[in-house]
Structures are given as C-alpha cells and as structure tokens.
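Here is the structure we will look at.
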Amino acid sequence: MRFLSEQLLDDGVRERRFTLDGVPGILWTPASAPDPAAPSSSPSLSASAAPSSGASAAAPLVLLGHPPLGLDAMYPRLVARARQAAADGFASATLELPGSGERPRLPGVDRARAELRRRLRDGEPVGDRLVDELVLPLVERAVPEWRTALDSLVLLPGLGGPVGYSGGLISVGTRLAAVEPRVSAAVLFAGSFVPRVSFEEARRVTVPVHVLLQWDDEGNDRQAALDLFDAFGSADKTLHANTGGHTGVPAHAGDAAQRFFVRHLA
C-alpha cells in the first residue's frame, strides 16, 4: 500500500488516497486518530506496517462499497458516509471496483451491462445467465482485493479495531461477510441484481446484518432482495425498507445504518 496524497477536510477528517497492487483507494480517519502513515513530505509514501498501540486506541474500520460508476463519480456520496462514520470515531476506506474508473475494462461485464439495459428498456426478462455475467466477475475480483486491503489497513497506527462492511453491490458484501472472519457486521444495500450463488453464500453469513431496501427501486427485483434477506444465516438481522426509488434513499436511513455500526463495532 502506497499513500499518494493527503488532505485535511474542514471537520478534521484526514483523507488519504492510496494505491494497493495497482488498485486505487481512499482512507478516511477521524480527527482523533493518529496519522496512519509517514509525514507527507514525499508525493509517494509507503504505509507503516507497525501495529496499533493497543486495542483500546484502535478505531473501528468501515469498508465503504459502492456501485460500479467510478470512484470519482461516487466521491461525494462516499465522503459524506465517511464523515458520518468519523463523527463516531470510525475510520473508513474504499476501493475502486474492478473494471471501473481508470482500471482496465472488463469486456464481458461491459457487454452484459449493455444487454441488461436493452432488456430493461424493451421490457424483456433479465434471466440468471445475464445476472451471472454481469455480477459474478466483479464479486470474484473485488472480494480478494478487499481482503488484501484489510491485511494492510488493520496494521496502520490507530486502526485494527472491529471491521464492518457497508453498501455497494450486495453480492460483494454477502460473499465478503461469508468468507472474511474480520468482518464483524455488514450494512448491505439492496438494489443490484443477485446471482443464484449469493443465496447459498448468504446462508453462511452469521454476523449481524442490516439490509437497506428501497421498496420502489426501479429495474430491480424486490422479491429477490426479500428472499436474500430471508436466506442470511444471521441471528441478528434487520430489514430497513423505505418507499421510493433507487436514488431516493432518505437521510434517516443512513443514520440508522450508522447506529447499527455503533451498536456492533464501537
């Protein structure tokens, strides 16, 4: 992991852009946290591998997922979520999704996305094959990248506390929660198409889960989201549903998600 730039936001949150094995990312740490890397006297910095000074000082870390629209396009929403988390003393980090932003394109995913748009426009059924071609390549690449990022992030000074995952493609969050033991709680955003394999993986998820669902989300299968929620093996799981479309998520839904993390990670 190499830190490339740094800025201090007006609320004291420290924002650092980094690259990890060629994958761009951003780390936000609250004002109370120590500097997570060496002083930025150089334009390119190596992250410290020193462990945090103790569990009591280790900030919880929330991994911020996002849809495949590009990290720069998603930045306003991501930094708003990071600021909200920092107000409770949490650090946040995000990674550019495979095939998004400046990363190399995934031609098969691009073809599937174009076909999906055509089918939705023409009122044709989507089908499991197309969903697999659209979503599974992202899941299979993104989850190992998140796990590699965690290997570096939890060693930074001031981090190393409990880890949560929030948002993004629900199938990515489901698999990460199923296979990564360091994830202690997950906030999952319904609204992306769900491959059949994700339902099997959901049964292996046992950490607390909070699912956010927009009831009138256009172009997505509400019943699939409800079935996936039912499949989660977690004893502690909450479904937070609101009327409105995909982009009409009310502010209080984000507040509820952050309270969930405060309960389970703080």
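The values are calculated or read from the model by the stated rules, or taken from the named source; none is laboratory data. From a predicted model like this one, the values you see are computed outputs, not experimental measurements. Cβ atoms come from the backbone with ideal geometry, glycine included; neighbour counts cover every protein chain shown.
Inside region 225-255, residues that are in a helix (DSSP H, G or I) and surrounded by fewer than 16 Cβ atoms within 10 Å (Cβ to Cβ) make up a count of 6. Checking each residue in region 117-156 for being farther than 25 Å from Ala178 by Cβ, among the aliphatic types (A, V, I, L, M) and part of a helix (DSSP H, G or I) picks out only Leu120.
On inspection, Leu95 fails the criterion of being at pLDDT 95 or above and in contact with a Lys or Arg (Cβ under 8 Å, 6 or more places away or on another chain). Here the condition is being at positive phi and under 19 Å from the mean Cα position of the chain (by Cα); of Gly127, Gly101, Gly123, it holds for Gly101 alone.
Within region 198-219, the residues that satisfy the criterion of being buried (at least 19 other Cβ atoms within 10 Å of the Cβ) and in a loop (DSSP other than H, G, I, E, B) are Val205, Val207, Pro208, Asp217. Against the numbered list (1) crowded, with 18+ Cβ neighbours inside 10 Å; (2) closer than 30 Å to Val109 by Cα, Arg222 comes up short only at (1). Which count do you get for residues in region 166-181 that are of a type in the set (Gly, Ala, Ser) and out of contact with any Pro (no Cβ under 9 Å at 6 or more places or on another chain)? So the answer is 4. Take the residues in region 143-167 that are touching a Lys or Arg at 6+ places or on another chain (Cβ under 9 Å) and touching a residue at least 40 places away in the same chain (Cβ under 8 Å); name whichever of them is surrounded by the fewest Cβ atoms within 10 Å (Cβ to Cβ). It comes out as Val154.
State yes or no: is Val194 assigned to a loop (DSSP other than H, G, I, E, B) and either surrounded by fewer than 21 Cβ atoms within 10 Å (Cβ to Cβ) or of a type in the set (A, V, I, L, M) (or both)? Spelling it out, Val194 is indeed assigned to a loop (DSSP other than H, G, I, E, B) and either surrounded by fewer than 21 Cβ atoms within 10 Å (Cβ to Cβ) or of a type in the set (A, V, I, L, M) (or both). Of everything in region 157-173 that is in contact with an Asp or Glu (Cβ under 9 Å, 6 or more places away or on another chain) and not in a helix (DSSP H, G or I), the residue that is farthest from Arg81 (Cα to Cα) is Pro157. Of the residues Asp110, Asp72, the single one that is surrounded by fewer than 16 Cβ atoms within 10 Å (Cβ to Cβ) and more than 19 Å from Glu133 (Cβ to Cβ) is Asp72.
Pairs linking a residue in region 103-132 that is closer than 28 Å to Asp72 by Cα and of a type in the set (A, V, I, L, M) to a residue that is at pLDDT below 95 and not in a helix (DSSP H, G or I), with Cβ atoms under 6 Å and 6 or more positions apart or on different chains, are Leu120/Gly219; Val131/Phe193.
Using the structure shown, decide if Ser5 is at pLDDT 95 or above and either out of contact with any Asp or Glu (no Cβ under 8 Å at 6 or more places or on another chain) or not in a strand (DSSP E or B) (or both). Judged against the criteria, Ser5 is a match.
Could you tell me whether any residue of region 24-35 is charged (D, E, K, R), modelled with pLDDT of 95 or more and outside any strand (DSSP E or B)? No, every residue in region 24-35 fails to be charged (D, E, K, R), modelled with pLDDT of 95 or more and outside any strand (DSSP E or B). Whenever a residue of region 25-42 is more than 23 Å from Gly65 (Cα to Cα) and of a type in the set (S, T, N, Q), its partners that are at pLDDT 90 or above and surrounded by fewer than 23 Cβ atoms within 10 Å (Cβ to Cβ), lying with C-beta atoms within less than 6 angstrom and at least six residues away or across chains, give the pairs Ser40/Glu6. For region 174-191, the criterion of a residue being modelled with pLDDT of 95 or more, surrounded by fewer than 21 Cβ atoms within 10 Å (Cβ to Cβ), of a type in the set (Gly, Ala, Ser) and part of a strand (DSSP E or B) is satisfied by at least one position.
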